[in-house]
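What follows is a set of notes on a single structure, which appears directly below.
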2 protein chains.
Amino acid sequence: MVPVHQWIKIKAPATVANMVCGFDILGFAVNNPYDEMEMRLVNLTPGQAPITIINIDDYQLPTEPEKNVAGAALIALIEEYTANSLIEKSLSAASDSAAKNDLIDFSVIGFEVKINKLIKPGSGVGSSAASSAGAVVGANYLLGNPFSKDDLVRFAMNGEKVASGVKHADNIAPCIYGGVTLVRQIYPLEIITLPSPDLYATIVHPQIEVRTADARSILKQNVQLKDAIKQWGNIAGLVAGLMKGDYDLIGRSLEDVIIEPVRSILIPGFDDLKKACKLVGALGGGISGSGPSIFFLSKEKETALAVEQEMINLYTGLGLAHHTYVTTIHQTGVEITE
Amino acid sequence: MVPVHQWIKIKAPATVANMVCGFDILGFAVNNPYDEMEMRLVNLTPGQAPITIINIDDYQLPTEPEKNVAGAALIALIEEYTANSLIEKSLSAASDSAAKNDLIDFSVIGFEVKINKLIKPGSGVGSSAASSAGAVVGANYLLGNPFSKDDLVRFAMNGEKVASGVKHADNIAPCIYGGVTLVRQIYPLEIITLPSPDLYATIVHPQIEVRTADARSILKQNVQLKDAIKQWGNIAGLVAGLMKGDYDLIGRSLEDVIIEPVRSILIPGFDDLKKACKLVGALGGGISGSGPSIFFLSKEKETALAVEQEMINLYTGLGLAHHTYVTTIHQTGVEITE
């Protein structure tokens with residue numbers, strides 16, 4: 001356990017969910033952008049809540065723990081910690097051990113969390129997931145790592161529920177595990193890490209608003225079986241391509257016949273950008289999460305930079321403010337840096 | 001090129017298509033059962049067709065090449081060979097080389113094919129695929145192997161069209177390539193071989209008729225998006241499990257929420273058998289192709305034998321004639337044995 005009042009620093013990576021054909025199941029973490037956070041355990045004054053959120057950015061996100069994604073994730077963690085503590089306390093009382101001294105009582109000790117969001121909220125690269133995941137990984141570290149990564153994903157999903165109304169793990173999983181992850185199922189949670197070859201990701205965030213809830217509500221609830229078969233052929237191809245390190249197969253499999261045709265309508269310039277990025281050599285790409293960010297994967301850095309130039313050209317031409325990132329896959333997940 | 005009149009012997013393995021969650025894309029070959037075939041090149045008498053089919057089993061399958069699955073596959077092969085030969089002849093005439101002497105003229109030379117079907121037609125373990133694939137692999141060998149495996153799959157798919165009305169490759173691909181195969185897409189054809197750990201397959205063929213065309217027509221043309229997501233999570237999990245050699249992941253991923261609930265109604269005892277096989281330790285399994293055969297995969301031979309006993313018990317109890325096989329994954333695809 002880290003002593004009370006000692007700050008730790010946390011780096012929580014942005015993530016790209018869906019990975020084109022893997023709607024709701026695939027995702028990967030990137031080295032840039034990332035959120036910076038600081039956390040510590042503090043002694044509470046009588047009546048003080050066990051979670052204090054301090055935003056040190058300009059996004060004016062809510063600081064009430066229940067309404068804040070990091071707060072909601074920490075509430076879930078504290079609940080389970082306390083429930084387990086009670087069990088352990090009763091066990092240790094029975095066996096007369098001293099283990100109970102190591103347990104934290106969240107009626108007298110709490111978390112203080114400073115959040116510096118460098119991943120713009122609503123950009124579609126896992127901004128909410130970074131805060132939720134960063135908070136629970138940090139909390140776990142402060143408590144002496146009593147929880148597994150799967151536990152932490154479960155807690156952090158409560159943050160996603162605050163952000164989008166749905167407890168999904170396709171950003172949380174890569175944020176906590178790093179690399180490319182497969183969420184085979186949510187209940188019970190099962191996350192599989194997929195090895196991948198070196199890949200460059202170029203991301204553009206056109207500064208328009210696409211609310212996750214909207215992007216979800218426009219999806220059709222039924223799909224044609226023939227399209228579903230195409231999609232799962234691509235998903236199988238993408239998993240095989242990643243695991244074999246077969247760049248061409250990865251490229252051919254990065255095709256989405258179900259979600260992209262519907263959602264891309266919300267993103268100005270999408271079709272033109274896709275054509276342009278493939279022309280300069282990108283393996284493939286599409287909408288990041290529910291958008292509006294768009295990502296393309298490349299084998300070589302030069303290609304990734306050429307893709308960035310296409311993104312800049314297109315959105316400059318459309319007169320839309322935008323940010324671009326040329327980055328690589330982040331392999332470790334949320335890091336405690338200090 | 002093998003001299004005219006010299007017989008070759010061919011062994012064409014049975015195959016299990018779909019592999020539970022991978023409808024229309026996944027399949028694997030097994031070491032037992034298999035078809036035996038013999039083929040040779042013969043000089044034709046004037047007016048004789050270039051394909052002669054001789055059935056040496058009791059199934060009384062059609063021998064007219066257009067109506068026979070092996071015949072239809074060979075027709076496609078001869079067509080492409082002849083088209084390519086004409087191109088090569090004109091090229092060699094231009095360059096004055098002797099290459100044209102190696103080319104066969106199918107107006108004077110033809111194939112004679114003896115088929116001994118040991119894989120019962122209509123059993124759902126790729127009986128038609130074995131004949132089509134065996135014929136084109138044999139023909140390719142007789143001609144000096146001018147065609148690639150992908151070419152041979154394309155030709156053999158014409159046999160599947162004769163058998164079921166649909167040019168599908170999910171049995172043909174594993175029959176020709178061996179092992180576990182992924183058909184990422186049909187047009188243009190793309191087959192990916194997937195490494196897999198040692199697996200035992202137990203297969204039961206209850207002697208009822210399920211016509212492939214019927215099994216296809218009862219499928220719903222639309223599926224719920226949430227089911228499709230479950231299915232592609234399982235497909236991704238299965239591919240990852242096979243490539244990682246993770247038996248537990250393979251087992252958890254062998255679940256089909258889309259096709260099996262509809263098709264299993266056609267197979268008496270399916271649900272009871274599934275429960276019984278899992279209880280004795282099978283990793284998982286389901287309908288082989290469009291049925292009626294059912295297969296289960298096991299890590300250990302003892303489990304595979306216990307699964308066989310459950311199959312025998314169930315169908316004996318139901319008073320249904322049946323055959324069982326305990327076998328392993330066939331790794332090489334159609335073999336020329338002599």
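Worth a mention:
- Label-point spacing for B:W7 across the identical copies (point 7 Å from Cα in the Cβ direction), in nm and ascending order: 8.7.
- C-alpha long axis of helix B:149-164 to longest principal axis of chain B, angle in °: 70
- A:M311 - accessible surface, heavy atoms, 1.4 Å probe, Å² rounded to 10: 0
- Across the accessible surface of chain B, with the other protein chains kept in place and a 1.4 Å probe, carbon and sulfur atoms take up 50 percent.
- Accessible-area value, A:K120, 1.4 Å probe, nucleic acids and ligands omitted, Å²: 80
- Inter-copy label distances at A:L305, using a point 7 Å along Cα-to-Cβ, come to 6.5 nm with the shortest given first.
- Highest GNM mean-square fluctuation among B:G319, B:G245, B:G289, for chain B modelled with Cα contacts below 10 Å: B:G319.
- Simple rule: put +1 on each Lys or Arg Cβ and -1 on each Asp or Glu Cβ in the protein assembly as shown, find the dipole, and look at A:I87, A:I186, A:I104; the Cα lying farthest toward the positive end is A:I186.
- Of the residues in segment B:208-243, those shielded by at least 30 Å² of accessible area once partner protein chains are present, compared with the chain alone at a 1.4 Å probe, are B:Q221, B:N222, B:V223, B:L225, B:I229, B:W232, B:G233, B:I235, B:A236, B:V239, B:A240, B:M243.
- Projecting the Cα atoms of A:A276, B:A169, B:G269 onto the charge dipole of the protein assembly as shown, computed from C-beta unit charges around the Cα centre, puts B:G269 farthest toward the positive end.
- B:D272, A:D151, reordered so the largest accessible area comes first (probe 1.4 Å): B:D272, A:D151
- FRET E, pair A:E209, B:H5, Förster distance 56 Å, beta-carbon r, rounded to 0.05: 0.15
- Summed buried accessible area for A+B [probe radius 1.4 Å, Å², rounded to 100]: 2900
- Across identical copies of the chain, A:E88 has label-point separations of 7.4 nm, listed in ascending order, with the point defined 7 angstrom from Cα along Cα→Cβ.
- The spacing between segment B:183-250 and segment A:109-149, judged by their C-alpha centroids, is 38 Å.
- A dipole drawn for the protein assembly as shown from +1 and -1 charges on Cβ atoms has a positive end, and of A:V137, A:N158, A:A236 the residue lying farthest that way is A:N158.
- Fraction of antiparallel bridges per DSSP, chain A only, in percent to nearest 5: 90
- Three-way shape label, segment B:243-338, alpha-carbon gyration tensor, a/c 1.5: rounded
- Cβ charges +1 (Lys, Arg) and -1 (Asp, Glu), total dipole of the protein assembly as shown, debye: 620
- When chain A is treated as a GNM with alpha-carbon contacts under 10 Å, the residue of A:N84, A:N234, A:N43 showing the greatest mean-square fluctuation is A:N84.
- Under the convention that each Lys and Arg Cβ holds +1 and each Asp and Glu Cβ holds -1, the size of the dipole of segment B:1-130 around its Cα centre is about 260 debye.
- Residue-normalised accessible area of segment B:75-194, given per residue in Å² at a 1.4 Å probe: 37
- Dipole magnitude of segment A:184-338, debye to nearest 20 (Cβ charges: Lys/Arg +1, Asp/Glu -1, about Cα centre): 520
- For B:R184, solvent-accessible area (1.4 Å; no DNA, RNA or ligand), Å²: 20
- Considering only alpha-carbon pairs that sit under 8 angstrom and 6 or more positions apart, the relative contact order computed for chain A is 25 percent.
- Angle between chain B longest axis and helix B:127-142 axis [Cα atoms, degrees, rounded to 10]: 30
- For the residues B:Y59, B:Y325, a 1.4 Å probe over the protein chains yields an accessible-area ranking, largest first, of B:Y59, B:Y325.
- Looking at segment A:18-152, the DSSP beta bridges with both ends there are about 60 percent antiparallel.
The values are calculated or read from the model by the stated rules, or taken from the named source; none is laboratory data. Computed from a predicted model, the values in this text were never measured in an experiment. No Cβ is skipped: glycine too gets one built from the backbone with ideal geometry, and neighbour counts run over all protein chains shown. Accessible surface areas use protein heavy atoms only, side chains included; no ligands, DNA or RNA. Shrake-Rupley method; radii C 1.70, N 1.55, O 1.52, S 1.80 Å.
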